[in-house]
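S.K.: Mind having a look at this structure? Questions to follow.
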2 protein chains.
Amino acid sequence: MPATKPEQKPRLVVLGSGWGACRLLKDIDTRLYDVICVSPRNHMVFTPLLASTCVGTLEFRSVAEPVRSIQPALSLLPDSYYFLARCTDINTDQHEVHCEALQEDIDDGKGEGGNKFSVAYDKLVIATGAEASTFGITGVHEHALFLRDVKNAMDIRTKLLLNLMKCEIPGTSMEEKARLLHCVVVGGGPTGVEFSGELSDFIRHDVHHKFAHVKDLIHVTLIEANEILSSFDVRLREYAVNQLTKTGVKLVRGMVKEVLPEKLLLTDGTEVPYGLLVWSTGVGPSPFVRNLPFEKSPGGRIGVDETLKVPGVEDVYAIGDCSGYLERTNKTVLPALAQVAERQGKYVAKALNKMAKAGEGHAKAHITPADPFVYRHLGSMATVGRYKALVDLRESNKSRGLSMKGFLSWIVWRSAYLTRVISWRNRLYVAVNWATTFLFGRDISRF
Amino acid sequence: MPATKPEQKPRLVVLGSGWGACRLLKDIDTRLYDVICVSPRNHMVFTPLLASTCVGTLEFRSVAEPVRSIQPALSLLPDSYYFLARCTDINTDQHEVHCEALQEDIDDGKGEGGNKFSVAYDKLVIATGAEASTFGITGVHEHALFLRDVKNAMDIRTKLLLNLMKCEIPGTSMEEKARLLHCVVVGGGPTGVEFSGELSDFIRHDVHHKFAHVKDLIHVTLIEANEILSSFDVRLREYAVNQLTKTGVKLVRGMVKEVLPEKLLLTDGTEVPYGLLVWSTGVGPSPFVRNLPFEKSPGGRIGVDETLKVPGVEDVYAIGDCSGYLERTNKTVLPALAQVAERQGKYVAKALNKMAKAGEGHAKAHITPADPFVYRHLGSMATVGRYKALVDLRESNKSRGLSMKGFLSWIVWRSAYLTRVISWRNRLYVAVNWATTFLFGRDISRF
């Protein structure tokens with residue numbers, strides 16, 4: 001797609017379809033811009049609820065929102081598009097992005113590439129996110145499952161149900177059964193803790209009558225090198241430890257050295273056999289971000305200034321997990337959280353709308369300096385199993401403020417998510433899913 | 001698992017988890033029998049609604065029912081089990097079935113086998129179903145998609161959405177776009193007709209605003225060698241032809257000669273390029289059934305007598321699509337329909353319960369002769385797109401009786417299925433799915 005002409009609407013290209021990209025797509029004024037979204041995923045994942053889909057508390061589709069529903073103009077306007085493709089390179093001098101269309105079976109980033117094409121931009125927003133970090137530990141990519149995408153959640157669910165059913169096959173040794181039903185979670189952040197909690201709920205409330213033959217063999221172990229939920233208030237952390245232990249989750253302080261097909265090795269020499277291994281030790285920069293010729297922030301993200309612009313090049317912004325403040329801004333890099341990305345998407349959309357109104361929408365226009373982006377932390381939430389949650393409303397790690405735990409905060413947790421799930425369709429589905437899980441238990445069919 | 005002792009409960013082994021097997025599992029008295037179900041699929045598929053899941057009218061999980069929910073004793077009783085495995089061989093002299101557990105990634109029947117094990121039975125019911133028939137046409141298995149299982153429906157959905165998105169990629173030629181968006185259905189039975197109808201609904205009501213850039217390029221062609229819906233009343237057939245044509249489905253009379261990766265060849269020499277090819281030309285005996293050393297019915301199914309027993313061997317019954325009356329019974333083989341299988345499951349469950357009560361539950365017991373199975377056709381139904389359906393309540397092809405078409409019969413169609421979807425959970429889901437599709441349109445996220 002060639003560059004726009006001055007008499008045409010300026011073209012905004014957005015790379016990605018996560019929290020940052022989708023909030024931006026939602027808020028951008030499509031009367032001012034033609035919008036192109038390039039992403040290998042045609043939907044946004046409501047990540048905080050992804051853990052619940054693995055054990056059947058929620059349906060997969062309840063936590064996914066098509067980008068075309070978030071921004072209908074992508075389908076309806078003649079010059080706005082969503083492309084199922086990944087960006088491979090950016091030519092900032094020519095103001096264009098080089099992309100590769102997705103073919104079947106290469107959604108995992110491997111395999112032969114599809115059609116290559118280029119799109120010229122007037123403004124570019126990079127919101128491609130990060131990828132799961134493995135700290136270079138061998139075997140993680142081969143044997144562990146991540147929890148970042150709907151496909152990951154489907155794989156975890158399939159594996160869990162397969163292992164449960166394998167255990168019932170006659171001739172399986174007790175040792176093999178114990179291994180198959182040992183679910184190991186590495187990483188004690190909110191995702192790891194919530195998944196452990198959901199898993200132990202599933203075991204206590206569904207496995208016990210749906211897989212009664214093997215119910216006493218299934219166990220959950222959560223491995224974390226430091227403290228679990230380290231960003232939360234100390235009292236909440238203690239509460240989480242107590243709750244998890246009470247519901248049968250074994251907490252192990254340790255560091256993983258190597259992952260083998262059926263066991264993992266800790267640095268202290270312990271061998272841990274597993275049937276299901278879920279890896280959630282945070283995120284790091286993706287190869288695409290690492291290869292971009294831009295200056296980097298501490299941690300290797302795309303470096304941005306206080307207005308989230310990439311300095312040194314024109315008309316390029318970066319938001320969400322793929323971006324971080326440059327060291328010379330004297331601001332600390334913000335955490336890789338949905339709320340950070342979403343707030344940044346909102347901020348950049350507003351800035352871009354303002355530019356277009358001021359006649360600065362086209363490439364290489366003079367830009368009126370904008371007010372810097374200011375992040376105010378709204379608090380953190382995590383569930384720790386049935387009817388229990390943590391809500392930490394302190395503004396930062398060191399400051400004082402409200403923190404809650406237990407049933408009431410679980411109500412807050414559910415309500416907060418129900419009001420945030422983007423479409424009414426999915427709000428309805430999440431509510432129906434929760435109600436049916438409550439009434440009938442979790443679904444255990446495996447496709 | 002060794003043979004049961006006379007003082008133990010007799011053991012019933014059921015092969016399969018389709019309509020026949022599940023009705024039998026539901027009706028069997030688990031106080032009288034220990035039950036073992038062996039099937040590579042841990043859920044029953046509500047097949048009549050499967051076509052709707054491909055285009056997102058219904059969720060996949062709404063049409064699947066775990067066998068453990070249908071018969072909770074499979075999980076709860078100490079000697080009743082569901083095994084995720086396939087039966088490879090039957091030793092009728094020893095009264096045992098040989099099975100192979102499913103490993104990951106071999107659900108498609110290929111690949112290395114899993115653990116092998118044997119289960120002794122007192123009574124055996126074979127209900128393994130049939131497989132899609134391809135008439136030996138080359139390329140069908142490689143390039144066409146079937147519509148028999150939830151996985152098939154997922155594949156169709158993924159392909160359809162992928163093709164829609166590929167068409168928007170810059171640089172795609174008009175010819176390639178037309179090919180990608182040509183959906184070809186081979187086979188004009190109820191499944192083929194319903195899928196064509198759903199597809200044309202999806203195109204007219206969802207593609208038109210969600211994929212507006214390519215909306216005029218997508219077409220559906222239904223290829224049938226004879227007449228569509230040949231088992232239905234002639235007036236209903238004409239109505240179906242009119243409805244389908246009106247909604248944009250092109251009907252082609254023709255026979256497929258060969259299927260190539262991007263086009264198919266008809267016997268008259270026509271080349272038909274396609275982007276999505278769905279094959280639904282009926283079913284035939286599976287390799288497992290073909291290899292069984294039993295006498296066969298016309299059409300190659302397992303031959304049974306009037307009480308659905310396999311003659312010549314003891315304690316073996318066969319029901320559903322895998323079985324048919326032996327020629328010497330002078331009865332015609334019943335059609336491969338859900339209602340036939342279900343009624344047979346009910347009949348055999350009743351007969352087995354009666355035997356156990358009479359002390360004839362164990363292997364090689366003397367069996368009191370039972371009344372023969374009598375099939376009464378309850379009528380056929382099919383939708384032909386939005387708010388239109390056919391209901392044929394005649395008892396057979398030649399007899400007279402009630403037949404209806406149009407909106408009223410669509411209401412009958414929906415209500416009939418809503419009352420038949422097995423669990424309350426899935427009834428609720430189907431109702432919610434229909435309501436949300438009506439309100440918000442179909443979901444287009446692709447995982």
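The values are calculated or read from the model by the stated rules, or taken from the named source; none is laboratory data. Here the structure is a predicted model, which means the values were calculated and not measured. Here the Cβ positions follow ideal geometry from the backbone for every residue, glycine too, while neighbour counts run over all protein chains shown.
S.K.: Grab the helices (runs of 4 or more DSSP H) fully contained in the range B:337-447, keeping just those with 2 or more residues being at pLDDT 80 or above.
M.R.: Working: elements: B:338-357, B:407-420, B:424-440.
So the answer is B:338-357.
S.K.: Just one of the numbered conditions (1) closer than 14 Å to residue B:84 by Cα; (2) at pLDDT below 95; (3) surrounded by 23 or more Cβ atoms within 10 Å (Cβ to Cβ); (4) out of contact with any Asp or Glu (no Cβ under 6 Å at 6 or more places or on another chain) is not true of residue B:44; which one?
M.R.: Every condition holds for residue B:44 apart from (4).
S.K.: Provide a single number: the residues in the range B:9-27 that are surrounded by 24 or more Cβ atoms within 10 Å (Cβ to Cβ), under 14 Å from residue B:79 (Cβ atoms) and not basic (Lys, Arg). Please lay out each step first, then the result.
M.R.: The initial filter retains those residues of the range B:9-27 that are surrounded by 24 or more Cβ atoms within 10 Å (Cβ to Cβ), namely B:11-25.
With under 14 Å from residue B:79 (Cβ atoms) added as a condition, the list becomes B:11-13.
With the extra rule that they be not basic (Lys, Arg), the set shrinks to B:12-13.
So the answer is 2.
S.K.: Output the residues belonging to the range A:132-173 that are more than 12 Å from chain B (Cβ to nearest Cβ), free of Cβ contacts under 8 Å to residues at least 40 places away in the same chain and on the phi > 0 side of the Ramachandran plot.
M.R.: Scanning the range A:132-173 gives a single hit, A:136.
S.K.: Among B:382, B:338, which is touching a residue at least 60 places away in the same chain (Cβ under 8 Å) and either over 20 Å from the mean Cα position of the chain (by Cα) or closer than 22 Å to residue B:21 by Cα (or both)?
M.R.: Numbers: B:382 fails: either over 20 Å from the mean Cα position of the chain (by Cα) or closer than 22 Å to residue B:21 by Cα (or both).
Criteria check complete, one pass: B:338.
S.K.: For the condition free of Cβ contacts under 8 Å to residues at least 24 places away in the same chain and within 14 Å of chain B (Cβ to nearest Cβ), what is the one hit in A:66, A:72, A:40, A:2?
M.R.: Details: A:66 fails: free of Cβ contacts under 8 Å to residues at least 24 places away in the same chain; A:40 fails: free of Cβ contacts under 8 Å to residues at least 24 places away in the same chain; A:2 fails: free of Cβ contacts under 8 Å to residues at least 24 places away in the same chain.
None of the others qualify; the one that does is A:72.
S.K.: Let me ask you something else. Go over the candidates A:344, A:339 one by one and state the one that is polar (S, T, N, Q) and touching a helix residue (DSSP H, G or I) at 6+ places or on another chain (Cβ under 7 Å).
M.R.: Details: A:339 fails: touching a helix residue (DSSP H, G or I) at 6+ places or on another chain (Cβ under 7 Å).
Exactly one of A:344, A:339 is polar (S, T, N, Q) and touching a helix residue (DSSP H, G or I) at 6+ places or on another chain (Cβ under 7 Å), namely A:344.
S.K.: Is at least one residue of the range B:154-177 among the hydroxyl-bearing types (Ser, Thr, Tyr) and more than 23 Å from residue A:101 (Cα to Cα)?
M.R.: In the first step, residues of the range B:154-177 are kept if they are among the hydroxyl-bearing types (Ser, Thr, Tyr); the result is B:158, B:172-173.
Keeping just the survivors that are more than 23 Å from residue A:101 (Cα to Cα) gives none.
No.
S.K.: I've got another one for you. Of the residues that make up the range B:347-367, is at least one more than 25 Å from residue B:95 (Cβ to Cβ) and not acidic (Asp, Glu)? Even if it seems obvious, please write down each step before you answer.
M.R.: First pass over the range B:347-367, keeping only residues more than 25 Å from residue B:95 (Cβ to Cβ): none.
No, the range B:347-367 has no match at all.
S.K.: Follow-up. Within the range A:48-60, does at least one residue satisfy the condition of being facing chain B (nearest Cβ under 9 Å) and within 16 Å of the chain's Cα centre (by Cα)? Break it down stepwise before answering.
M.R.: Step one: filter the range A:48-60 for residues facing chain B (nearest Cβ under 9 Å), giving A:56, A:59-60.
With within 16 Å of the chain's Cα centre (by Cα) added as a condition, the list becomes A:60.
So far as the range A:48-60 goes, yes, one or more of its residues are facing chain B (nearest Cβ under 9 Å) and within 16 Å of the chain's Cα centre (by Cα).
S.K.: Which of the following residues is within 14 Å of chain A (Cβ to nearest Cβ), over 23 Å from residue B:276 (Cβ atoms) and touching a residue at least 40 places away in the same chain (Cβ under 8 Å): B:27, B:34?
M.R.: On the way: B:27 fails: within 14 Å of chain A (Cβ to nearest Cβ).
When all the criteria are applied, what remains is B:34.
S.K.: Scan the range B:75-101 for residues that are touching a residue at least 12 places away in the same chain (Cβ under 8 Å) and within 8 Å of chain A (Cβ to nearest Cβ) and jot them down.
M.R.: Across the range B:75-101, the qualifying residues are B:81, B:82, B:83, B:84, B:85, B:101.
S.K.: Only residues in the range A:422-442 that are within 7 Å of another protein chain (Cβ to nearest Cβ) count as the first member; pair them with residues that are assigned to a helix (DSSP H, G or I) and of a type in the set (Phe, Trp, Tyr), Cβ under 6 angstrom, at least 6 apart or cross-chain, and list the lot.
M.R.: If the second residue must be assigned to a helix (DSSP H, G or I) and of a type in the set (Phe, Trp, Tyr), the pairs left are A:425/B:440.
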